[in-house]
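The values are calculated or read from the model by the stated rules, or taken from the named source; none is laboratory data. Every value quoted in this text rests on a predicted model; they were computed, and no experiment measured them. All Cβ positions, even for glycine, are placed from backbone atoms using ideal geometry, and neighbour counts span all protein chains on display. Areas reflect the complete protein model, heavy atoms only, side chains present, ligands, DNA and RNA absent. Shrake-Rupley method; radii C 1.70, N 1.55, O 1.52, S 1.80 Å.
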Amino acid sequence: MIKEEGLNFNAAVGCFVGSAVGDALGAYLEFEDAREPDHYITEYQHGGPHKLKAGQWTDDTSMALALADAMDIHKGELVAETIMSNWSSWYRKGAFSSTNQCFDIGATCQKAIELYEDCEDPEKCGSTDKWASGNGGLMRLHPVVIAARSEEEAVKNAVYQTSLTHNNQEVLMYSEAYARELWHGKPLPEYDHLRLPKDTPRQNVMSGGYVKESYQCAWWCVQNSDNFRDAVVLAVNRGHDADTSGAITGALAGRIYGENGIPDSWYDNLYAVEMLRHLAGNLYDLRWRKAA
(Lines give C-alpha, C1' and ligand atoms only; values in the text may rest on other atoms or scores of the structure.)
Protein backbone atom coordinates (compact mmCIF):
# COMPACT_ATOMS: atom_id res chain seq x y z
CA MET A 1 0.00 0.00 0.00
CA ILE A 2 1.44 3.34 -1.08
CA LYS A 3 1.04 6.27 1.29
CA GLU A 4 -0.83 9.00 -0.56
CA GLU A 5 1.27 12.06 -1.34
CA GLY A 6 0.63 15.14 -3.39
CA LEU A 7 -2.83 16.34 -4.36
CA ASN A 8 -5.96 14.81 -2.86
CA PHE A 9 -8.97 14.27 -5.13
CA ASN A 10 -10.60 17.64 -4.38
CA ALA A 11 -7.34 19.46 -5.12
CA ALA A 12 -6.69 17.38 -8.25
CA VAL A 13 -10.07 18.21 -9.79
CA GLY A 14 -9.78 21.81 -8.64
CA CYS A 15 -6.38 22.11 -10.30
CA PHE A 16 -7.42 20.57 -13.62
CA VAL A 17 -10.85 22.18 -13.94
CA GLY A 18 -9.60 25.42 -12.38
CA SER A 19 -7.04 25.84 -15.13
CA ALA A 20 -9.74 25.49 -17.80
CA VAL A 21 -11.94 27.96 -15.91
CA GLY A 22 -9.17 30.56 -15.87
CA ASP A 23 -8.46 29.90 -19.54
CA ALA A 24 -12.11 30.36 -20.52
CA LEU A 25 -12.56 33.50 -18.43
CA GLY A 26 -9.41 35.06 -19.84
CA ALA A 27 -10.09 34.14 -23.47
CA TYR A 28 -12.28 37.22 -23.98
CA LEU A 29 -9.53 39.53 -22.69
CA GLU A 30 -6.58 38.10 -24.63
CA PHE A 31 -4.47 40.82 -26.32
CA GLU A 32 -6.32 43.60 -24.45
CA ASP A 33 -4.70 46.10 -22.11
CA ALA A 34 -5.11 45.59 -18.38
CA ARG A 35 -8.44 46.72 -16.93
CA GLU A 36 -9.19 48.80 -13.89
CA PRO A 37 -11.28 47.20 -11.10
CA ASP A 38 -14.45 49.11 -12.06
CA HIS A 39 -14.35 47.40 -15.46
CA TYR A 40 -13.24 43.90 -14.48
CA ILE A 41 -14.67 40.95 -16.38
CA THR A 42 -16.04 38.51 -13.79
CA GLU A 43 -18.08 36.08 -15.92
CA TYR A 44 -17.54 34.21 -19.17
CA GLN A 45 -18.19 36.34 -22.25
CA HIS A 46 -19.13 35.65 -25.87
CA GLY A 47 -16.71 36.96 -28.47
CA GLY A 48 -13.18 38.14 -27.90
CA PRO A 49 -10.33 37.75 -30.42
CA HIS A 50 -11.23 34.13 -31.21
CA LYS A 51 -15.03 34.65 -31.36
CA LEU A 52 -15.63 31.97 -28.74
CA LYS A 53 -18.85 31.11 -27.01
CA ALA A 54 -18.99 31.92 -23.31
CA GLY A 55 -17.20 29.18 -21.37
CA GLN A 56 -15.08 27.83 -24.21
CA TRP A 57 -11.35 27.50 -23.60
CA THR A 58 -8.24 27.94 -25.73
CA ASP A 59 -4.90 26.30 -26.53
CA ASP A 60 -3.82 26.14 -22.88
CA THR A 61 -6.50 23.59 -22.02
CA SER A 62 -6.26 21.83 -25.38
CA MET A 63 -2.57 21.08 -24.90
CA ALA A 64 -3.15 19.97 -21.31
CA LEU A 65 -5.93 17.62 -22.47
CA ALA A 66 -3.68 16.17 -25.17
CA LEU A 67 -0.95 15.60 -22.58
CA ALA A 68 -3.42 13.99 -20.16
CA ASP A 69 -4.70 11.69 -22.89
CA ALA A 70 -1.16 10.59 -23.77
CA MET A 71 -0.47 9.88 -20.11
CA ASP A 72 -3.68 7.86 -19.79
CA ILE A 73 -2.68 5.71 -22.77
CA HIS A 74 0.63 4.80 -21.14
CA LYS A 75 -0.62 4.50 -17.53
CA GLY A 76 1.05 7.72 -16.45
CA GLU A 77 4.33 7.35 -18.30
CA LEU A 78 5.38 10.20 -20.55
CA VAL A 79 6.09 8.95 -24.08
CA ALA A 80 7.27 11.78 -26.31
CA GLU A 81 5.99 10.18 -29.52
CA THR A 82 2.43 9.95 -28.19
CA ILE A 83 2.46 13.42 -26.66
CA MET A 84 3.76 15.05 -29.83
CA SER A 85 1.33 13.03 -31.95
CA ASN A 86 -1.57 14.28 -29.82
CA TRP A 87 -0.39 17.87 -30.08
CA SER A 88 -0.07 17.44 -33.84
CA SER A 89 -3.64 16.12 -34.00
CA TRP A 90 -4.80 19.20 -32.13
CA TYR A 91 -2.79 21.55 -34.36
CA ARG A 92 -3.83 19.96 -37.66
CA LYS A 93 -7.26 18.44 -36.94
CA GLY A 94 -8.65 20.30 -33.95
CA ALA A 95 -8.57 17.32 -31.61
CA PHE A 96 -8.87 18.30 -27.92
CA SER A 97 -10.22 21.73 -28.93
CA SER A 98 -13.39 23.42 -27.66
CA THR A 99 -14.22 24.42 -31.25
CA ASN A 100 -12.94 21.36 -33.18
CA GLN A 101 -10.13 23.42 -34.65
CA CYS A 102 -6.82 24.91 -33.58
CA PHE A 103 -7.49 28.64 -33.54
CA ASP A 104 -4.57 29.76 -31.37
CA ILE A 105 -1.04 28.41 -30.94
CA GLY A 106 2.22 29.86 -29.65
CA ALA A 107 5.05 30.21 -32.13
CA THR A 108 7.47 28.00 -30.16
CA CYS A 109 4.88 25.23 -29.78
CA GLN A 110 4.03 25.45 -33.46
CA LYS A 111 7.66 25.19 -34.50
CA ALA A 112 8.24 22.14 -32.28
CA ILE A 113 5.16 20.34 -33.61
CA GLU A 114 6.16 21.05 -37.21
CA LEU A 115 9.66 19.70 -36.54
CA TYR A 116 8.11 16.54 -35.15
CA GLU A 117 5.90 16.23 -38.24
CA ASP A 118 9.05 16.48 -40.37
CA CYS A 119 10.29 13.26 -38.71
CA GLU A 120 12.47 14.92 -36.11
CA ASP A 121 13.16 12.91 -32.96
CA PRO A 122 10.22 13.90 -30.71
CA GLU A 123 12.61 14.53 -27.82
CA LYS A 124 14.69 16.96 -29.89
CA CYS A 125 12.00 19.32 -31.17
CA GLY A 126 12.03 21.76 -28.26
CA SER A 127 13.81 25.02 -28.94
CA THR A 128 16.95 25.80 -26.93
CA ASP A 129 17.03 29.37 -28.21
CA LYS A 130 17.33 31.93 -25.42
CA TRP A 131 14.38 33.79 -26.91
CA ALA A 132 12.15 30.70 -26.71
CA SER A 133 11.14 31.78 -23.22
CA GLY A 134 7.36 31.66 -23.50
CA ASN A 135 4.82 30.21 -21.08
CA GLY A 136 3.66 27.28 -23.25
CA GLY A 137 5.25 24.65 -21.00
CA LEU A 138 3.92 26.17 -17.78
CA MET A 139 0.30 26.46 -18.92
CA ARG A 140 -0.15 22.74 -19.51
CA LEU A 141 2.03 20.99 -16.90
CA HIS A 142 -0.58 20.47 -14.16
CA PRO A 143 -1.66 17.01 -15.44
CA VAL A 144 1.76 15.53 -14.61
CA VAL A 145 1.65 16.93 -11.08
CA ILE A 146 -1.83 15.50 -10.47
CA ALA A 147 -0.73 12.04 -11.66
CA ALA A 148 2.63 11.94 -9.90
CA ARG A 149 3.32 9.57 -7.01
CA SER A 150 6.12 11.71 -5.60
CA GLU A 151 7.44 15.24 -5.73
CA GLU A 152 10.49 13.99 -7.62
CA GLU A 153 8.29 12.42 -10.30
CA ALA A 154 6.16 15.55 -10.55
CA VAL A 155 9.18 17.75 -11.18
CA LYS A 156 10.89 15.32 -13.56
CA ASN A 157 7.78 14.95 -15.71
CA ALA A 158 6.95 18.66 -15.62
CA VAL A 159 10.40 19.56 -16.90
CA TYR A 160 10.32 16.76 -19.48
CA GLN A 161 6.99 17.74 -21.03
CA THR A 162 8.12 21.38 -21.12
CA SER A 163 11.33 20.43 -22.92
CA LEU A 164 9.37 18.91 -25.82
CA THR A 165 8.56 22.43 -27.01
CA HIS A 166 10.57 24.81 -24.80
CA ASN A 167 14.02 23.39 -24.03
CA ASN A 168 15.21 26.74 -22.77
CA GLN A 169 16.94 26.69 -19.37
CA GLU A 170 14.99 29.66 -18.02
CA VAL A 171 11.67 28.06 -18.94
CA LEU A 172 12.73 24.72 -17.45
CA MET A 173 13.66 26.50 -14.22
CA TYR A 174 10.19 28.04 -13.91
CA SER A 175 8.56 24.71 -14.75
CA GLU A 176 10.46 23.08 -11.89
CA ALA A 177 9.46 25.82 -9.45
CA TYR A 178 5.81 25.84 -10.50
CA ALA A 179 5.55 22.04 -10.43
CA ARG A 180 7.02 21.81 -6.93
CA GLU A 181 4.73 24.54 -5.66
CA LEU A 182 1.69 22.91 -7.28
CA TRP A 183 2.67 19.69 -5.56
CA HIS A 184 2.86 21.37 -2.16
CA GLY A 185 0.06 23.86 -2.75
CA LYS A 186 2.03 26.78 -1.36
CA PRO A 187 4.91 29.13 -2.19
CA LEU A 188 8.26 27.60 -1.34
CA PRO A 189 10.94 29.82 0.24
CA GLU A 190 13.65 28.63 -2.13
CA TYR A 191 11.74 30.36 -4.94
CA ASP A 192 11.07 33.64 -3.14
CA HIS A 193 13.54 35.34 -5.47
CA LEU A 194 11.45 34.33 -8.50
CA ARG A 195 8.17 35.80 -7.22
CA LEU A 196 7.11 39.42 -6.97
CA PRO A 197 6.78 40.92 -3.50
CA LYS A 198 3.17 40.67 -2.36
CA ASP A 199 2.91 44.46 -2.07
CA THR A 200 3.95 45.06 -5.70
CA PRO A 201 1.52 47.62 -7.19
CA ARG A 202 -1.05 46.00 -9.46
CA GLN A 203 0.06 48.21 -12.36
CA ASN A 204 3.54 46.65 -12.16
CA VAL A 205 2.32 43.06 -12.54
CA MET A 206 3.01 42.03 -16.13
CA SER A 207 0.99 39.38 -17.99
CA GLY A 208 2.55 38.83 -21.37
CA GLY A 209 3.71 35.56 -22.89
CA TYR A 210 7.09 35.57 -21.14
CA VAL A 211 7.30 32.65 -18.70
CA LYS A 212 8.66 34.87 -15.92
CA GLU A 213 5.69 37.22 -16.19
CA SER A 214 3.18 34.36 -16.16
CA TYR A 215 4.69 32.72 -13.08
CA GLN A 216 4.93 36.01 -11.22
CA CYS A 217 1.43 37.10 -12.20
CA ALA A 218 -0.10 33.84 -10.98
CA TRP A 219 1.58 33.95 -7.60
CA TRP A 220 0.91 37.67 -7.11
CA CYS A 221 -2.79 37.07 -7.78
CA VAL A 222 -2.96 34.09 -5.41
CA GLN A 223 -1.07 35.91 -2.67
CA ASN A 224 -3.27 39.00 -2.97
CA SER A 225 -6.54 37.08 -2.62
CA ASP A 226 -8.05 34.51 -0.28
CA ASN A 227 -10.26 32.52 -2.65
CA PHE A 228 -10.29 31.00 -6.12
CA ARG A 229 -12.59 33.57 -7.70
CA ASP A 230 -10.66 36.66 -6.68
CA ALA A 231 -7.31 35.17 -7.71
CA VAL A 232 -8.51 34.34 -11.22
CA VAL A 233 -10.35 37.65 -11.67
CA LEU A 234 -7.16 39.50 -10.78
CA ALA A 235 -5.16 37.41 -13.25
CA VAL A 236 -7.31 37.63 -16.35
CA ASN A 237 -7.94 41.34 -15.96
CA ARG A 238 -4.23 42.00 -16.27
CA GLY A 239 -4.99 41.50 -19.98
CA HIS A 240 -2.43 40.68 -22.70
CA ASP A 241 -1.91 36.88 -22.49
CA ALA A 242 -5.01 36.75 -20.30
CA ASP A 243 -6.10 33.21 -21.14
CA THR A 244 -2.73 31.80 -20.10
CA SER A 245 -2.47 33.98 -17.01
CA GLY A 246 -5.92 32.70 -16.13
CA ALA A 247 -5.02 29.07 -16.82
CA ILE A 248 -1.83 29.11 -14.74
CA THR A 249 -3.47 31.01 -11.89
CA GLY A 250 -6.56 28.81 -12.11
CA ALA A 251 -4.50 25.63 -11.77
CA LEU A 252 -2.65 27.05 -8.78
CA ALA A 253 -5.73 28.46 -7.04
CA GLY A 254 -7.70 25.31 -7.87
CA ARG A 255 -5.02 23.18 -6.27
CA ILE A 256 -5.11 25.38 -3.14
CA TYR A 257 -8.89 25.85 -2.76
CA GLY A 258 -10.06 22.65 -4.44
CA GLU A 259 -12.97 21.83 -6.69
CA ASN A 260 -15.42 23.17 -4.12
CA GLY A 261 -13.76 26.58 -4.26
CA ILE A 262 -14.71 27.18 -7.90
CA PRO A 263 -17.82 29.40 -8.20
CA ASP A 264 -20.90 27.49 -9.36
CA SER A 265 -21.56 29.76 -12.35
CA TRP A 266 -18.01 29.25 -13.62
CA TYR A 267 -18.11 25.52 -13.01
CA ASP A 268 -21.56 24.84 -14.47
CA ASN A 269 -21.07 26.98 -17.60
CA LEU A 270 -17.60 25.74 -18.49
CA TYR A 271 -17.42 23.96 -21.84
CA ALA A 272 -17.30 20.15 -21.45
CA VAL A 273 -16.91 20.41 -17.68
CA GLU A 274 -17.98 16.81 -17.03
CA MET A 275 -15.37 15.54 -19.47
CA LEU A 276 -12.73 17.67 -17.77
CA ARG A 277 -13.74 16.41 -14.34
CA HIS A 278 -13.61 12.81 -15.59
CA LEU A 279 -10.11 13.30 -16.99
CA ALA A 280 -9.00 14.89 -13.73
CA GLY A 281 -10.20 11.77 -11.93
CA ASN A 282 -8.32 9.60 -14.41
CA LEU A 283 -5.14 11.54 -13.75
CA TYR A 284 -5.62 11.21 -10.02
CA ASP A 285 -6.11 7.45 -10.41
CA LEU A 286 -2.97 7.06 -12.52
CA ARG A 287 -0.74 7.04 -9.45
CA TRP A 288 -2.45 3.87 -8.29
CA ARG A 289 -2.47 2.29 -11.74
CA LYS A 290 1.27 2.87 -12.02
CA ALA A 291 1.76 1.17 -8.68
CA ALA A 292 -0.23 -1.92 -9.64
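Within region 124-153, restricting attention to residues that are basic (Lys, Arg) and in contact (Cβ under 8 Å) with a residue 12 or more places away in the chain, which residue is least open to solvent (accessible area, probe 1.4 Å)?
Of everything passing the filter in region 124-153, 140 is least open to solvent (accessible area, probe 1.4 Å).
Does residue 75 satisfy the criteria of being at positive phi, touching a helix residue (DSSP H, G or I) at 6+ places or on another chain (Cβ under 6 Å) and open to solvent by 20 Å² or more (accessible area, probe 1.4 Å)?
Yes.
Looking only at region 154-173, count how many residues are under 26 Å from residue 12 (Cβ atoms) and open to solvent by 10 Å² or more (accessible area, probe 1.4 Å).
Residues flagged as under 26 Å from residue 12 (Cβ atoms) and open to solvent by 10 Å² or more (accessible area, probe 1.4 Å) within region 154-173 amount to 8.
Run down 254, 281 and say which single residue is touching a residue at least 12 places away in the same chain (Cβ under 8 Å), closer than 26 Å to residue 50 by Cα and either in a helix (DSSP H, G or I) or open to solvent by less than 40 Å² (accessible area, probe 1.4 Å) (or both).
Of the residues listed, the single one that is touching a residue at least 12 places away in the same chain (Cβ under 8 Å), closer than 26 Å to residue 50 by Cα and either in a helix (DSSP H, G or I) or open to solvent by less than 40 Å² (accessible area, probe 1.4 Å) (or both) is 254.
Report, ordered by the first and then the second residue, all pairs with beta carbons closer than 6 Å, sequence separation of six or more or different chains, a first member in region 176-192 that is surrounded by fewer than 17 Cβ atoms within 10 Å (Cβ to Cβ) and in a helix (DSSP H, G or I), and a second member that is of a type in the set (Phe, Trp, Tyr) and at pLDDT 95 or above.
Qualifying pairs under 6 Å: none.
Can you list the helices (runs of 4 or more DSSP H) lying wholly within region 1-120 that have 3 or more residues being closer than 25 Å to residue 184 by Cβ?
Output list reads 9-27, 59-73.
Scan region 90-123 residue by residue and report those that are closer than 17 Å to residue 211 by Cβ, surrounded by 22 or more Cβ atoms within 10 Å (Cβ to Cβ) and either more than 17 Å from the chain's Cα centre (by Cα) or β-branched (Val, Ile, Thr) (or both).
Result: 108, 112.
Going by the conditions given, is residue 25 over 24 Å from residue 165 (Cβ atoms), open to solvent by less than 10 Å² (accessible area, probe 1.4 Å), of a type in the set (A, V, I, L, M) and in contact (Cβ under 8 Å) with a residue 24 or more places away in the chain?
Yes; evaluated as a whole, the condition is true for this residue.
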